[in-house]
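Here the structure comes first, spelled out in structure tokens, and everything after it is commentary.
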Amino acid sequence: IIKKYIILMFSVLLHIQAEPKLYFITPSDGETVNCEVIILDGDTVNCEFIIKFGLSDFGVAPAGYDIPNTGHHHLIINAPLPDFSLPIPANENYIHFGLGQTETLISLPPGKHRLRLLLGNYVHIPHSSPLISNEINIVVE
């Protein structure tokens, strides 16, 4: 009986699928990010630093490839979540990583910033059950 119970529990565990999770590896919520490089463009000062994206129990695929259970990252900077029924906007507040990138070197001005990740499907539309990270707040200096 114990052997049958162990086999039954093992087979049940194999069929349980974890919920996908989208998150930031770096930076962390509340982190003060120190500039790696300072860019001067006229009167504008920007700081460059690396952001690393995390994704579990789901795959990353470039835009244009309709592969089940995959998507590509979009970084939202100081902006609200977009309309989930439309393609994610592409501008300075909604940055697309359609090649399947999982990290980026970003340039932001010093100050407080809100960051969030949103996974898009092969045509940049959020999935029917949107994969969204928690919003994090950082200070760039």
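A few comments on the model shown:
- Centroid-to-centroid separation of the stretch 19-34 and the stretch 127-141 [C-alpha atoms, Å]: 8 Å
- Long-range HN-HN contacts of Ala61 with modeled amide H, under 5 Å: Gly71, His72
- The 3J(HN,Hα) values that the Karplus relation (6.51, -1.76, 1.60; θ = phi - 60°) gives for the stretch 90-99 are, in residue order, 10, 7, 5, 9, 10, 9, 8, 10, x, 8 Hz. Gly and Pro appear as x.
- Put a plus charge on the Cβ of each Lys and Arg, a minus charge on the Cβ of each Asp and Glu, and nothing anywhere else: the dipole of the stretch 13-140 about its Cα centre is then about 220 debye.
- The translational diffusion coefficient of the stretch 15-141, from Stokes-Einstein at 37 °C and 0.692 mPa s with a Kirkwood hydrodynamic radius over alpha carbon pairs, comes to 216 µm²/s.
- Antiparallel content of DSSP bridges confined to the stretch 19-89, in %, to 5: 85 percent
Rule-based calculations on the coordinates, nothing more; no lab input. The structure presented is a predicted model; accordingly, all values stated were derived computationally and were not measured. Here Cβ is always computed from backbone atoms with ideal geometry, including for glycine, and neighbour counts include all displayed protein chains.
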